[in-house]
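The values are calculated or read from the model by the stated rules, or taken from the named source; none is laboratory data. Because the structure is a prediction, the values reported are computed rather than measured. Cβ coordinates were reconstructed from backbone atoms using ideal geometry, including for glycine residues, and neighbour counts include every protein chain displayed. Side chains included, ligands, DNA and RNA excluded: accessible areas come from the protein's heavy atoms. Shrake-Rupley method; radii C 1.70, N 1.55, O 1.52, S 1.80 Å.
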Amino acid sequence: MATFADLPDSVLLEIFSYLPVRDRIRISRVCHHWKKLVDDRWLWRHVDLTLYTMRPKVMWHLLRRYMASRLHSLRMGGYLFSGSQAPQLSPALMRALGQKCPNLQRLCLHVANLSMVPIASLPCTLRTLELHSCEISMAWLHKEQDPTVLPLLERIVLDRVPAFRDEHLQGLTRFRALRSLVLGGTYRVTETGLDMGLQELNYLQRLEVLGCTLSADSTLLAISRHLRDVRKIRLTVRGLSAPGLSVLEGMPTLESLCLLGPLVTPEMPSPQEILASCLTMPKLRVLELQGLGWEGQEAERILSKGLPHCVVIVRALPKESMDWWM
């Protein structure tokens, strides 16, 4: 019968990669061979620290001993609601990440207080920045700040960031490499602010607007006015109507359209109306409908048959993947 000792190193590394960081370090004490495997660069490309509220001393040890130049993606947080004695993310730590982790490209911060962490202290190598339930200051993304900050940033995710508002959206224009924007639950962004922001962010290729107070119709209208080169749109169907969807007709570069429920109103376009709009989009290759309750019904058959050149996906809302770095 095969044992752990019989498994090839590549399989062991794959298994170890699913262990929390604390357990990875613990198993390095099992034997010299496992200690060598835990020190492998591959194992420290993607690190998730959201399970812990770490003392600064432990964080600095991980940074020096294990992560350093190996690190590509880092997920951390859990400090905002942990009490006044919990360690806070600091500008010094952010600067150290930039200095010691030259290959860090993705940073995901969860439930973190960033009000005292200037955006200029973040690693300049970042291509993706995700903020989930974080606090930011009013000055964090203002347009007047240094335009050379985060020169490589291509994607930003703002998920339930309560302070994010119209002025912050317009401040994103200083990230000239930005191509993908996700707004999730950013309830302070208004329809006027979105329209003005997208007017300046007309180089975006992917936009997601999920769970916001904005209606789908107003969002699509702003997209049709300003994002003529957009390739992927993903939005919640709240306030979506057939006339609202029709503003996308003829979009020349749109390749993927995803509409998410669960709220389906009487004004929601019928499958036939969605089909009619999609047939006018010359580059459309993926149509995805999630959480609308249409899976396995006549609507799925109509769309699949009417769009033979597209991959039509009709399904329930998926659970969040454990492979957060994908």
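Every helix of 4 or more DSSP H residues in the chain counts as -39500 (n - 2.57), and over all residues that averages to -7000 deg cm²/dmol at 222 nm. For V247 and E167, the difference between the fully extended length at 0.36 nm per residue and the C-alpha to C-alpha distance is 26.2 nm.
Would you tally the net charge around L74, using a Cβ to Cβ cut-off of less than 12 Å, leaving L74 out, and scoring K and R as +1, D and E as -1?
+3
In this structure H132 has an accessible area near 30 Å², from a 1.4 Å probe over the protein heavy atoms. Within region 206-261, all pairs of alpha-carbon atoms sorted by distance into 5 Å bins from zero give the percentages 4, 21, 37, 27, 10, 1.
Taking K and R as +1 and D and E as -1, what net charge do the other residues with C-beta under 11 Å from the C-beta of T213 add up to? Summing Lys and Arg as +1 and Asp and Glu as -1 gives +1. Accessible area per residue for the chain is 48 Å², calculated with a 1.4 Å probe on protein heavy atoms, without ligands, DNA or RNA. Look at where the Cα atoms of region 152-166 and of region 8-74 average out, and the two centres are 29 Å apart.
How long is the gain from E295 to D23 if the chain were fully straight, where each residue apart is worth 0.36 nm and the alpha carbon distance is subtracted?
Roughly 93.9 nm would be gained on extension.
For the Cα trace of the chain, dividing Rg by the Kirkwood Rh returns an Rg/Rh value of 1.02.
Largest to smallest in accessible area, the residues F175, F4 fall in the order F4, F175 (1.4 Å probe, all protein chains included). Which links in K283/K319; K232/K305; K36/K100; K283/K305; K57/K100; K100/K319 stretch past 26 Å when you go from one Cα to the other? Check vs 26 Å cut-off fails for K283/K319; K100/K319. Between S90 and L279, the simple label model (points 7 Å from Cα in the Cβ direction) yields a spacing of 6.4 nm. Other residues with beta-carbon under 15 Å from the beta-carbon of P252 carry, at +1 per Lys or Arg and -1 per Asp or Glu, a net charge of +3. In this rough spin-label picture, where each label sits 7 Å from Cα along the Cβ direction, the M116-H33 distance is 4.8 nm. The peptide list 213-226, 190-203, put in order of mean Cβ contacts within 10 Å with the highest first, becomes 213-226, 190-203. Extending 7 Å from the Cα toward the beta-carbon at both F4 and Q272 defines two label points whose distance is 6.3 nm.
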